[in-house]
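This report concerns only the one structure given below.
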Amino acid sequence: MNGQIKMTKPIPKSMTDGLNDLLGFQLVEWRSGYAVLDVELDDRHKNRQGGLHGGITASMIDAVTGYCGIYEPDSSKRRGNVTVSLNINYISRPKGARLRATAELIRAGRRLYFAAARVTDDQDTLIATAEAVYAYIEKQPKTRSASSS
């Protein structure tokens, strides 16, 4: 692993809350400049024709490329990010029942970073490739929602 520190399991649940949790995404590997997400496909991932919805692939790519650029074991030091650009090439339909998205950091500057991703299934079918650009942002302090008052 080239001397890189790998985030040890279990990865904190808070890292996959929200939409990622709703879609069943699991952050299975995370280290500097690299991230891997897995998902077991089920009915919630299907489009109206019964195949994999392209939005699932896009969401997976957005999440994994987002993670690869902000690795920091100390959550109090971790930077925030927002997607600036996401370009996806849909290559093939999955043949397997599980997807894996891997992302690598291409280059990071002070304000932006660039990442590339691949999505494959458990039969090594290439589903999609992508390039993404993110802007680093300052994290906003957590506030209580009106419904939790």
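What to note about this one:
- Which numbered condition G66 misses (of (1) closer than 14 Å to W30 by Cβ; (2) at pLDDT below 95): (2)
- Test for I61: is it β-branched (V, I, T) and closer than 22 Å to L19 by Cβ: yes
- For the range 65-105, the set of residues classified as hydrophobic (A, V, I, L, M, F, W, C) and within 22 Å of V39 (Cα to Cα) consists of C68, I70, L86, I88, I91, A97, L99, A101, A103, L105, listed by residue number.
- Taking the range 96-125 as the range and being surrounded by fewer than 16 Cβ atoms within 10 Å (Cβ to Cβ), farther than 28 Å from R79 by Cα and touching a strand residue (DSSP E or B) at 6+ places or on another chain (Cβ under 6 Å) as the test, the residues that pass are G96, R98, D122.
- Checking the range 44-57 against the condition returns a match, with at least one residue being in a strand (DSSP E or B), modelled with pLDDT under 95 and more than 18 Å from K139 (Cβ to Cβ).
- Filtered residues of the range 73-110 (kept if touching a residue at least 40 places away in the same chain (Cβ under 8 Å) and hydroxyl-bearing (S, T, Y)): S75, T83, S85, T102
- Taken over the range 60-82, the criterion of being loosely packed, with under 13 Cβ neighbours inside 10 Å and part of a strand (DSSP E or B) is satisfied by V82 alone.
The values are calculated or read from the model by the stated rules, or taken from the named source; none is laboratory data. As the structure is a computational prediction, the values presented were derived from the model and not from experiment. Positions of Cβ are generated from backbone atoms using ideal geometry, with glycine treated the same way; all protein chains shown enter the neighbour counts.
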